Amino acid sequence: MGVESELLSIGELARASGLTVSALRFYDRCGVLTPTLVDPVNGYRWYTAAQVTPARLVAGLRRVGMPLAGITAALRLRDDPARVGRLLDAHLRRLEDGLADARRELSRVRALIDPEESWMTTRITLSPAALAAAVDAVRFAVGTDPDLPVLGGVLLDVESDGVRLVATDRYRMALARAGGRVDGPPVRALLPAAAVDEFRALLDTGGQEQAYLTIAAGRVSVTVADAEAGASVLPYEFTDYRRLLHRPAGAPARQVPVDVATLRAALRAGTPAVTREHEGVALPVTVLGVDDRDGLRLVGAAELAGPDPTDLLVGVNGDFLLEALDAAGGPQLVLELDGPIAPLAVRRPDDEDTFSILMPIRL
């Protein structure tokens, strides 16, 4: 009794933390928040005062819908605020993406209930230069396979404060965002590549401060000054690109700054390390690694014969990487390496909304 009098019962911890007794039992069974002492006779759980703060952390994360794996990681890393902060940021992005998806789905539901809803117009007022830069950042990743027409365009994903452009050909994906004033409901429109090119030419009109992007009744138009171009949207449902962007909880990817001119020259001068067969075609594979100064290096074939298991290596299509570097622009970029089976991300250091990812090639 002397020891137990200094401990908190499960009911007391429930009141102190905001968790229910049943929730505390659940987190005990999961090994997330285990009691300090369990009475061997009656099974009563007892906790220390030091467990109140972790329990409150669990309660807060539970209220915002953090998955069990995320709660477990946050508790394990709570002495490292920076890493926990990244977990929270990633979860917040998932919540925001889910809310945007719900708004779009409810718009579709309203259109089914009230046909006039489908004729609603969404108009974005934005900078021509910003929209042109977004197009340039994603255009290279548009698919050309006639058997996959859904990938032969650029997705316009209108959010509350701008539009996100997305393109993919299954082997790479590029995303960019142009902010602006949005009037109308959130909407998605898949624009044919030919129309994207026509819009891009229109955006080169000099001296204009504003462009107007309008989506209504299955059509998209861009207006700059007195010039306008329009096109019908493609009748396909674009891939759920957001699920590819969520990194599982755990250690972050290695971020490696690169000088674009130096890397471009090395890629063009270097010999691909290995060759892998893909759909009956021999595919040269460029292998990237990290040197002892945390810089990027190209890995040769001889080194791959017996790689150090601790090496962080990823194989990619070198031509695709060159295109991603050209599309990203800027003299300095950041490459994110996360192992041999995770996509390679190419990012601008000052713009988290514009990046591309390349699917890895198994070494």
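Ordered from highest to lowest accessible area with the whole protein assembly present and a 1.4 Å probe, Tyr212, Tyr241 read as Tyr212, Tyr241.
How would you order 285-298, 133-146 from highest to lowest mean count of nearby Cβ atoms within 10 Å? Please report the intermediate quantities before stating the final value.
Details: 285-298: 16.2, 133-146: 18.6.
Averaged packing, sorted descending, gives the order 133-146, 285-298.
Largest accessible area first, the residues Ile215, Ile341 order themselves as Ile341, Ile215 under a 1.4 Å probe with ligands, DNA and RNA left out.
Think of the chain as having a plus end and a minus end, set by charges on the Cβ of Lys, Arg, Asp and Glu; of Pro284, Phe320, Leu337, Leu337 sits farthest toward the positive end of this dipole. When Thr36, Thr354, Thr239 are compared by accessible area of protein heavy atoms, the largest-first order is Thr36, Thr239, Thr354, using a 1.4 Å probe. Net charge in the neighbourhood of Val274 (other residues with Cβ under 13 Å of its Cβ; Lys, Arg +1, Asp, Glu -1) is 0. Carbon-plus-sulfur accessible fraction, the chain (probe radius 1.4 Å, protein heavy atoms only): 53%.
Compare the peptides 313-322, 21-30, 79-88 by average per-residue count of other Cβ atoms within 10 angstrom and give them in order, highest first.
Values: 313-322: 20.6, 21-30: 15.6, 79-88: 13.5.
Result, highest mean Cβ count within 10 Å first: 313-322, 21-30, 79-88.
Averaged per residue, the stretch 141-226 has 40 square angstrom of accessible surface, using a 1.4 angstrom probe with ligands and nucleic acids left out.
Note on the chain: Cα convex hull, mean projected area over all directions, 25.6 nm².
Scoring 6-12, 177-183 by mean Cβ neighbours within 10 Å over their residues and listing the highest first yields 177-183, 6-12.
The values are calculated or read from the model by the stated rules, or taken from the named source; none is laboratory data. Treat the numbers as computed from the prediction; the structure is a model and nothing was measured. Glycine also receives a Cβ, built like all others from the backbone with ideal geometry; neighbour counts cover every protein chain displayed. Protein only, heavy atoms only, side chains kept; ligands, DNA and RNA dropped before computing areas. Shrake-Rupley method; radii C 1.70, N 1.55, O 1.52, S 1.80 Å.
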